[in-house]
Number of protein chains: 4
Amino acid sequence: MTTQQPLAVGLIGVGRMGSFHAETLAHRLPGVRLAALADPAPGAARSLGDRLGCATACTDIGELLADPRIDAVVIATPARTHAGLVEAAAGAGKAVYCEKPMAVTLAEADRAIASAAEAGVPLQVGFNRRYDAGFRAAHAKVAAGGIGTPQLLRSLTRDPQLADPARIAPWTIFLETLIHDFDVLRHLNPGAEPVEVFATADALVRPDFKDRGLLDTAVVTVRFDNGALATAEASFQAVYGYDVRAEVFGSAGMLTMGDVRRTHLTAYGPDGVAAESVTYDQHLFHDAYVAELADFADSVRTGRTPSVTGEDARAALSIALAAIRSVTTGGTVRVDELQDR
Amino acid sequence: MTTQQPLAVGLIGVGRMGSFHAETLAHRLPGVRLAALADPAPGAARSLGDRLGCATACTDIGELLADPRIDAVVIATPARTHAGLVEAAAGAGKAVYCEKPMAVTLAEADRAIASAAEAGVPLQVGFNRRYDAGFRAAHAKVAAGGIGTPQLLRSLTRDPQLADPARIAPWTIFLETLIHDFDVLRHLNPGAEPVEVFATADALVRPDFKDRGLLDTAVVTVRFDNGALATAEASFQAVYGYDVRAEVFGSAGMLTMGDVRRTHLTAYGPDGVAAESVTYDQHLFHDAYVAELADFADSVRTGRTPSVTGEDARAALSIALAAIRSVTTGGTVRVDELQDR
Amino acid sequence: MTTQQPLAVGLIGVGRMGSFHAETLAHRLPGVRLAALADPAPGAARSLGDRLGCATACTDIGELLADPRIDAVVIATPARTHAGLVEAAAGAGKAVYCEKPMAVTLAEADRAIASAAEAGVPLQVGFNRRYDAGFRAAHAKVAAGGIGTPQLLRSLTRDPQLADPARIAPWTIFLETLIHDFDVLRHLNPGAEPVEVFATADALVRPDFKDRGLLDTAVVTVRFDNGALATAEASFQAVYGYDVRAEVFGSAGMLTMGDVRRTHLTAYGPDGVAAESVTYDQHLFHDAYVAELADFADSVRTGRTPSVTGEDARAALSIALAAIRSVTTGGTVRVDELQDR
Amino acid sequence: MTTQQPLAVGLIGVGRMGSFHAETLAHRLPGVRLAALADPAPGAARSLGDRLGCATACTDIGELLADPRIDAVVIATPARTHAGLVEAAAGAGKAVYCEKPMAVTLAEADRAIASAAEAGVPLQVGFNRRYDAGFRAAHAKVAAGGIGTPQLLRSLTRDPQLADPARIAPWTIFLETLIHDFDVLRHLNPGAEPVEVFATADALVRPDFKDRGLLDTAVVTVRFDNGALATAEASFQAVYGYDVRAEVFGSAGMLTMGDVRRTHLTAYGPDGVAAESVTYDQHLFHDAYVAELADFADSVRTGRTPSVTGEDARAALSIALAAIRSVTTGGTVRVDELQDR
């Protein structure tokens, strides 16, 4: 591959997130082209390919990985397939961008990381919040010492509505939702690592699904090795919208991030002051989703280390697994004593 | 009067504003006592006196002014009586606090100012916004050079609802409402004076009263002698509340003031983000109304010049009269060519 | 006492908070008079009395309690003396307003509550946030079902600066600071009671005092019997000001409260957008501090139950004691298994 | 042209705005391709073409217009050349997108409009604010009656810094800057048209250039035929950033738009609360600039009337010309009596 040629990227998994990434690869990034689509669901890749003008579409992921014209892949399949696909893609010599969570066990994470290292390919993970303008500026300010030493942190995710609870796995809230917040906490506390985790969770949105193990509401406390105390909080149903916020308080100041308001329009009427809220992650994080793939493409082209690594994915996973164990045992869990379930 | 004795203050006019001031004199100011109430309306002063524990109440204002035990008076009667009462009170040797507008003609204003000067009594005017914490901080910052030279200013007043339009005089919006904004513009552009005024006004809230001369909506442009261009804007009916804001933009920065939100509570629901609004001036300016009387009492006690003078009242009146003439003639009006109508 | 006579209130403890309450009793409340001051520190009560025009001042609290002309007392002494003074005051037949915390052990709290009940006197506790306009509106909205069932709550207190750490007791952050937040969490989750508590705390502001047991930073998780999960968070030093906020998220909406901005003034300059912050509790809660004493006076006059009761104080104390035990043991603590340390 | 083929767009004028539009045409719009670039400056088109992968670049605009492979053109040259280029492009049968102002005299505007009509090609004008999410939502709400009848409007533009004043023409502030605000006022007062204009302007940023006719600060009042009173305000130098805001107040509510804050990050430190501001129009309006070209492409493809027409450009120009005459004469100017200077 020369820099003259556009980077040829294959997209695996054409669900909601995969489709957005496919559009980004097809239209939004100079120097990048959507080279192929793969999804096991019959017709899904083909249909999206038609819409986006991508001629190569298949149901066999292996076929995509075997295509020598493809430089890099974006993995946007269901969470439990991620790590295996990272291994396969790295094994095929492709640069790899993998949606979060990169893995759901530490062993898987270790294998995924090792596979990329052995193949000498870049591996980037989809912690998109790091690419949001506000979160990015916050990280830069913290890293530059702008708030002194972080002491208290908070990150939260509240999804606008709970989809069919029957399709949610018991630990989804930790492995797929709070995994973002765990990464945000690490990112806003640069250089520090989690020591101890306490978590509590419940089925408050859909108590009728509690006996199936569904947890839709959770609060997690994390103690970091620099002393900072952090909380992460999630709910699967916020009637007012998609609510993602964070806060980092330090010895020399505080930063807050996140705003559920959709635009800068404010309306004043007989009932007071009002603004519309964001209800869709692809509105809130549109630019961040594009920026993370642009950054991935840049790391592939330049050969530099990706900005969000497999190690970052593993570290966030560690907190998630510790939280899950804490819910199970009712006590605190030390991250360094963690072993796979 | 010694500093040992509380300052004895008489209140003239027990309407909405007068009643609030009476409560302030009775309860909210250390070192001050409400000594007497006068209002021509039979029983009105007596009734308020009973409620506030003030034994002296009368319908004859002259009786109050003649009372040698009274140190100072607060005038809160209808606007057109203000200047005459200032003269009478000053003539009786009382320190005078007068609600805005202090006068409705320049001749009246001059006589009122002269009467206080001759009597050697303090004369303060009720431009309460100067005492609001936000406006006060803004003035201090501008006066300290914090935004450089003011270049563009804006002040607005929107009342929450139009009372019976049949009771409103044609020029009320300039003489009684925008008079506040004209003072704010001068206060936020310290040291500068208005040169030229252009105004336009209409009956948009109640067009059916336009043929009686009612004007309920107005926009005024003022050019100051330091070059600054200012707008003042008023409406007699804002369905969302009592809206008072200002903005001063200068060569080195900008300040904005005013917030219609009632508290720091924000509500998020299926319709988005919401907050309640202020609908009552005595909520928005409660503290400012108390602070202006406290400041008046202090100037009486210490003998210093009041913070808001008769000259300030006259200067704001000049802008109002120029605006009225501008509406009448359709052209710009130079303030220095202004003569009473 | 008849309603004709002002309520005679004695103030015990003339420190920072006591002095403010004394001013309120002396000047800010119609129908109330500051009848006496007592403080063991020689000259302290006398000096404040001179300033406020209160002739009766003593160093012997018993003398104040024995004065038959006094209807009610406000207790604003150091925390550990509160419960005993409540007992003594109730025993002397006085209506009692006690600053938080009303007690520092459950046994003390029970005795204080019992003493007021036996004496048939009102007992109100100083959880001032309930009287802040924003918190009050939030409680009303939650109580009216405006956000459905509370599911996630947060309350935080960050003091602007850490005074001499040598003067702070080990558990101060829980017993005197977070006690406010524990009450806020209960107040914003009306009808629910805490079940289980997990707390973590550290000396991050002044690590050099950690070996003396000082804790200056804490995070507490509380699970309520309606399933709601809550966090309370405190720091003894926020360089940017006095930061008090809360949030309650429910099945039908969310409310946020608290704003560190001092006024509605916003400044725009070469460095961006700026606002001043509040650095002093008596600025932020001025009106709430007055309102709570007005409400106390009203409950004394009318004989109704106070709005914030000894039972409320005990409930908040329970959470504090559970948090302390959780820090000690490293595990979760059930509130119903709590016994005094 | 079929819908299968991408729309071939030629870009004329590769300055700051033209370069951004060229990038949009090259990379940001599915179904659109940047087919050619033209700019009289030697090498400018070629250099941008190399960067964007556009092979056709020339210095002769006529050459581009003569190219039969080009479906549409985007005109981003200096203002005074716009109308002539619209005529030429329409004459060549191209669909035309023209940056604002489309014309600087009414005669020019009429000819430009007529030329597009005669050629039967779409003509869209670059009032980008209509495509900003907040302004768009505001227009929709007003058009749906959400604030009743508009009564008071405001729109302002403050550029972050004054470039070399020697290069600015005397009426630039009206013809190139406030032209946006005049369009916003019309757009937020749908169906109404301007009746009368009063304007005042000065050289406050660079008084040393006043004798050359430079005006860098202006305030304009516009009365509309539905009675609404509007102000537009501009400054060429706001030290705090690029400030674009608007407000529309009506009989049933008010809307405000615009926020100079760059992101949702807020910083709290010893000096208070702070946020960064936007200093660059291509940050503030990035999405709007893309959306307007997407909308243009859509109107070309579908044959529908563009959303922002030549008539819209002429109407905004009328206000600008009336404002210029008002500054010249010192009086109000009726729009319907306007003739070209």
Using θ = phi - 60° and Karplus 6.51 cos²θ - 1.76 cosθ + 1.60, couplings along the range A:225-236 (whole Hz; Gly, Pro as x)
6, 9, x, 4, 10, 10, 10, 10, 9, 9, 9, 8
When Rg is the radius of gyration of the Cα atoms in the range A:61-168 and Rh is its Kirkwood radius, what does Rg/Rh come to?
1.07
Give me the net charge of B:VAL184's neighbourhood, meaning all other residues with Cβ under 9 Å from the Cβ of B:VAL184; Lys, Arg count +1, Asp, Glu -1.
+1
Just check the range C:236-293 against the gyration tensor rule for me: Cα atoms, a ≥ b ≥ c as the square roots of the eigenvalues, rounded for a/c under 1.5, and otherwise prolate or oblate depending on whether a/b exceeds b/c.
oblate
How big is the range D:1-87 by the Kirkwood estimate over distinct Cα pairs, in Å?
12.7
Over chain D, relative contact order from alpha-carbon pairs under 8 Å, at least 6 apart, %
18
With x for Gly and Pro, the residue-by-residue ³J(HN,Hα) of the range A:278-287, computed from phi through the Karplus equation 6.51 cos²θ - 1.76 cosθ + 1.60 at θ = phi - 60° and given in whole Hz, is 7, 10, 9, 4, 6, 7, 4, 10, 3, 5
Amide H to amide H, which residues 5 or more places from C:GLN151 or on other chains are under 5 Å from it, using H placed in the peptide plane?
C:PHE249, C:GLY250, C:SER251
Kirkwood Rh, angstrom, the protein assembly as shown [1 / mean 1/r, Cα pairs]
34.7
Let me have the 222 nm mean residue ellipticity of the protein assembly as shown computed from DSSP H runs of 4+ only, each contributing -39500 (n - 2.57), with the sum over all residues rounded to the nearest 500.
-9500 deg cm²/dmol
Mind listing the phi-derived Karplus ³J(HN,Hα) values for the range C:120-134, rounded to whole Hz, using 6.51, -1.76 and 1.60 with θ = phi - 60°, and x for any glycine or proline?
x, 10, x, 10, 10, 10, x, 8, 5, 4, 4, 9, 5, 4, x
What is the distance in Å between the Cα centroid of the range D:58-97 and that of the range C:1-67?
85
Suppose you put the label 7 Å out from Cα in the Cβ direction; list, shortest first and in nm with one decimal, how far C:THR329 is from each other copy's label.
1.6, 8.6, 8.7
Taking the inverse of the average 1/r across all pairs of different Cα atoms in the range B:135-237, what Kirkwood radius in Å do you get?
14.5
Could you work out which residue, out of C:ALA320, C:ALA232, C:ALA41, moves most in a Gaussian network model of chain C, that is, has the largest mean-square fluctuation with Cα springs under 10 Å?
C:ALA41
Efficiency by 1/(1 + (r/R0)^6): what FRET value for A:SER251 and C:ALA252, r their Cβ-Cβ distance, R0 = 45 Å, to the nearest 0.05?
0.70
If the convex hull of the alpha-carbon atoms of the range A:268-315 is projected onto planes in all directions, what is the mean projected area in square nanometres?
5.6
Note down the Stokes-Einstein diffusion coefficient of chain B in µm²/s, whole number, using a Kirkwood radius over alpha carbon pairs, 25 °C, and 0.890 mPa s.
118
Subtracting the Cα-Cα distance of A:ASP50 and A:TYR280 from 0.36 nm times their residue separation yields 80.3 nm
Surface/4 of the Cα convex hull for the range D:181-272, nm²:
9.0
Sequence-distant or interchain residues sharing an amide H contact under 5 Å with D:THR279, placed H: which?
D:TYR242
Take the alpha carbon gyration tensor of the range C:242-341, find the square roots of its eigenvalues, order them as a ≥ b ≥ c, and report rounded if a/c is under 1.5; if not, report prolate when a/b exceeds b/c, else oblate.
oblate
Put the label 7 Å from Cα along Cα→Cβ for C:GLU311; what are its distances to the other copies, in nanometres, shortest first?
5.7, 6.5, 7.1
Provide, in order from the shortest bin, the percent of all Cα-Cα pairs of the range A:181-235 in each 5 Å bin, continuing until the bin that contains the maximum pair distance.
5, 20, 24, 16, 13, 10, 8, 4, 0
In a Gaussian network model of chain D with springs linking alpha carbons closer than 10 Å, the residue among D:LEU293, D:LEU25, D:LEU265 that fluctuates most is D:LEU265
Please report the relative contact order for the range B:92-149, taking Cα pairs under 8 Å with a sequence separation of at least 6, and give it as a percent rounded to a whole number.
36
Quick one: with label points 7 Å out along Cα→Cβ, list the inter-copy distances for B:ARG69 in nm, shortest first?
2.2, 10.1, 10.4
Rounded to 5, percent antiparallel among DSSP beta bridges of the range B:24-173:
0
Number of partner chain Cβ atoms within 10 Å, mean per residue of A:130-143
3
Evaluate the relative contact order of the range C:204-289 (contact order divided by residue number), counting alpha-carbon pairs under 8 angstrom at least 6 apart; express in whole percent.
18
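Each value in this text was obtained by applying a stated rule to the coordinates, not by laboratory testing. Treat the numbers as computed from the prediction; the structure is a model and nothing was measured. Positions of Cβ are generated from backbone atoms using ideal geometry, with glycine treated the same way; all protein chains shown enter the neighbour counts.
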